[in-house]
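All of the numbers you see were taken from the coordinates with simple rules; none came from a lab. Bear in mind that the values here come from a model prediction, so they are computed numbers and not experimental data. Don't worry about glycine lacking a Cβ; one is built from the backbone with ideal geometry, like all the others, and counts go over all protein chains shown.
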Amino acid sequence: MRTRKRTGWRRIVNGVNIAGLISVLFIALPLYWMTIGSFETPANLASSPPQWFPVPGTTANYSTAFSQYHFWIFFRNSLIVTIIATALVLALGTLAGYALGRTPMRGKFSLLVVLLMISVFPEIAIIAPLYLLMREIGWLNSYQALILPYTAFNLPFAIWILRNYFLGIPKEMEETGRIDGAGPLRTMWSIVLPQALPGLFTAGIFCFTACWTEFLMALTFNAQTNFQTIPVGIATFGTQDITPFPTIFAASVVAVIPIGILVFIFRKFVISGLTSGAVKG
C-alpha cells in the first residue's frame, strides 16, 4: 500500500512539474522571439522558415525607436506616472491595510467586500464618465489624468494584500512598542512596517506592473505625444502601410527591462509576500 501511495504522489508531482515547465515555455518563448526579433532586419524577421538566431544581428532597431519614434518620451512619461501612482498606492494602502487589519472598526467586513468588488470592476465600464470628468476639470493630456485613476484602481488590491500580511504579524510586537511609549504611528513605522516588507514589495511590484502596462486609460485620456505612456506610444509606431515589427520588438524589450529588474532584485520578498501574508485571512 505504501509503495502504491508513493507512486501516486510521484505521478502527481511529476505532472505538476510538467505543467509548470509547459507554463514557463509558454511565457518564455514569446519573450525570446521578441528579443531576437529586436536584433533582426525586417527581411530576416519575415523569412520562412523563421531564423531563431539573429545572424547577422543589428542594434539599429533600438536607435530607430529612440531617435525616429521618440521612445524616450514615452519611457519618461511611464516612469513619472507609474512611480508616483505606486508610491501613492503604497502610502494609502499601508495606512488603510493597517487600520483594517489591526484596529477594531465597525463595518469592516462590508468595507472589505466593497474593496474586493472595486478591485474586479472592469475599467471599460467607467471609462466614458471618467473621460467627461477629466474634460470638465481640464485634466486631459496631463500626468494627473492617469496618476489618480491608476491609484484608485490599484489601491483595493494593495489594501487586501497589506491587510492580510499585517494580520500575520504577532500583536505582541506592537504591545511591546506601546509599553515603551510609542504611539500608533511610531509603532507602525518602527515595528510593523519592517516586518511587512515582503507584503509591501509584493503590492508595489503588482501595482507598478499594472500601471506600466495599462493601455485603455492612457489611450483615452492622453492623446498628445508629450503625455503618452509606453503602451500607447508603441501602438503609434509605423504608418498605415508599414508596421516596423523589429522596432516595436526593440521598444518592447526596453519596456520589459524595468519590470524584470524589479522582480529579480525583490524576488525573495515577492515570494514571501505571496506565500505568507497574502494567503492569510
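Miscellaneous remarks
- Helix-only CD estimate at 222 nm, as mean residue ellipticity for the chain, using -39500 (n - 2.57) per DSSP H run (n ≥ 4): -23000 deg cm²/dmol
- All Cα pairs of the range 110-247, percent lying beyond 19 Å: 64 percent
- Proxy reagent accessibility, fewest Cβ within 10 Å first, across I137, I161: I137, I161
- Take every Cα pair under 8 Å whose residues are at least 6 apart in sequence, average their separation, divide by the length of the chain, and the relative contact order is 30 percent.
- Think of each Lys and Arg Cβ as +1 and each Asp and Glu Cβ as -1; about the Cα centre, that makes the dipole of the range 151-227 roughly 80 debye.
- When +1 charges are put on Lys and Arg Cβ atoms and -1 charges on Asp and Glu Cβ atoms, the dipole computed for the chain relative to its Cα centre reaches about 1500 debye.
- Cα gyration tensor shape of the chain, rounded if a/c is under 1.5, else prolate or oblate by comparing a/b with b/c: oblate
- In terms of surrounding Cβ atoms within a 10 Å radius of their Cβ, V114, V232 rank from fewest to most as V114, V232.
- Intensity falloff of the range 62-175 expressed as log10 I(q)/I(0), Debye formula with alpha-carbon point scatterers, at q = 0.10, 0.17, 0.19, 0.22 Å⁻¹: -0.44, -0.94, -1.05, -1.19
- Exposure proxy shown here: for F166, F121, the number of other Cβ atoms within 10 Å sets the order, fewest to most, as F121, F166.
- Once you reduce the range 84-162 and the range 230-261 to the center of their Cα atoms, the two points are 29 Å from each other.
- Of the residues V256, Q195, F266, the one whose Cα sits farthest toward the positive end of the charge dipole of the chain, with +1 on the Cβ of Lys and Arg and -1 on the Cβ of Asp and Glu, is Q195.
- Per-pair calculated FRET efficiency, R0 = 25 Å: L31 and E123 via Cβ, rounded to 0.05: 0.45
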